[in-house]
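Below: one structure, written as structure tokens.
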Amino acid sequence: MKRLIILVFTICLLPFFSYSEAIAQKKVKLSFTSGGVGGEWYVMSAGIADLIKEKAPWIEITVLPGGGTLNNVRVGKGEVECGWGLNPFVVASIKGEDPYKEPYPDIRVLGGSFGDTYLHFMAAEDTGITSIDKIVEKKYPIKIGVGRAGVSGEWAFRKFMEKYYKVTYADIKAWGGTVSLTGYPEIATNLKDRHLDFGFINISPPAAVIQEAALGRKLTLLPFTPKQLEFMKKEMGFNIGVIKKEFYPGVLKEDIPTAFMGTVFMVHKKVDPDVAYTITKILSENASRLPKIAKCMGDFKPEIAWKDMPAELHPGAVRFYKEKGYLK
């Protein structure tokens, strides 16, 4: 009888052993498009590749340099299997909207908030402007720095003004204003020197550029209204959040509502569901280790990582989140 029980138990376990063995024999090789060499995205990618190799040696990930807009094209075309993406750019790439010339509907995601960046709309107090609506209503001749052409902050400002207000850079110029396409350090310097009165950047708070600019001139951050934020969420793929007053003593007297971009883990739809499942599982079960790779990855919370995604969740990721009870 005892031998019979052992035999039955062994037979029951065989499917599990054979499944794990089959998975282990796949020896999957993936390419991951990240950011510039030495930059935060590149460091994040290399750390995650090592973590995945440690937990699932059969998955080998090669990290490649990339960028915020380029990554979507590479993953969308299937040139690489995975990469980092920013929510609004993922939405734009799937639709084939600026800055993309064609749609990339094959992009899927495993989860989000691997580091969040927030929109900061700076205004000098001496302008008397306390809301974004007032700028447009008054056709105020703003002198604003928005970062270099094509960076996430410049893109966000340009598309928000065009989509929500139907206001272009040409309109701002017609009001007597200027849009300066310079880097963040120049924005801080020009605000202090009064060559600019406003600044718009996309960055994780607290941002040194704002603290530096505020040393030479009284600044505030303009809040986004609920209507604006709902529009940006629905039409542009942003998330809704707040910038805590504690981040900017002397600048903020209260928390202000704003939009933010989450970093998402993109994959091509053809990635094997077992592979997608395993990667999602490893990242989720080792979430506490991610901030050691890059502090910003402390934003990743498995319980909510599947929410408000800019693209469809890959079936492998769906399977994991459902197994854990996070996704019903």
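The values are calculated or read from the model by the stated rules, or taken from the named source; none is laboratory data. Since this is a predicted model, take the numbers as computed values, not measurements. So basically every Cβ, Gly included, is an ideal-geometry build from the backbone, and we count neighbours across all protein chains shown.
Check the stretch 221-231 and report whether any residue there is in contact with a Phe, Trp or Tyr (Cβ under 8 Å, 6 or more places away or on another chain), aromatic (Phe, Trp, Tyr) and closer than 15 Å to Ile256 by Cβ. Yes, the stretch 221-231 contains at least one residue that is in contact with a Phe, Trp or Tyr (Cβ under 8 Å, 6 or more places away or on another chain), aromatic (Phe, Trp, Tyr) and closer than 15 Å to Ile256 by Cβ. Here Pro99 passes the criteria (1) farther than 23 Å from Gln228 by Cα; (2) in contact (Cβ under 8 Å) with a residue 40 or more places away in the chain; (3) outside any helix (DSSP H, G or I) except the one numbered (1).
Please determine whether any residue of the stretch 48-62 is out of contact with any Ser or Thr (no Cβ under 9 Å at 6 or more places or on another chain) and under 18 Å from Ser152 (Cα atoms). There is no residue in the stretch 48-62 that is out of contact with any Ser or Thr (no Cβ under 9 Å at 6 or more places or on another chain) and under 18 Å from Ser152 (Cα atoms). Any idea which residue in the stretch 43-66 is modelled with the lowest pLDDT, counting only those that are within 26 Å of Asp98 (Cα to Cα) and surrounded by fewer than 20 Cβ atoms within 10 Å (Cβ to Cβ)? Step by step, filter the stretch 43-66, then rank; the result is Pro65. For Pro99, the stated conditions hold: it is within 28 Å of His268 (Cα to Cα), modelled with pLDDT under 95 and more than 12 Å from the chain's Cα centre (by Cα). Looking across the stretch 239-298, the residues that are more than 20 Å from Gly85 (Cβ to Cβ), among the β-branched types (Val, Ile, Thr) and outside any loop (DSSP other than H, G, I, E, B) come down to Val242, Ile243, Ile256, Thr258, Thr278.
Would a scan of the stretch 118-138 turn up a residue that is of a type outside the set (Gly, Ala, Ser) and within 22 Å of Tyr277 (Cβ to Cβ)? No, that holds for no residue.
State whether one or more residues within the stretch 148-170 are over 26 Å from Asn239 (Cα atoms) and either of a type outside the set (Phe, Trp, Tyr) or not assigned by TED's automatic domain parsing to the domain that holds Thr225 (or both).
Yes: one or more hits.
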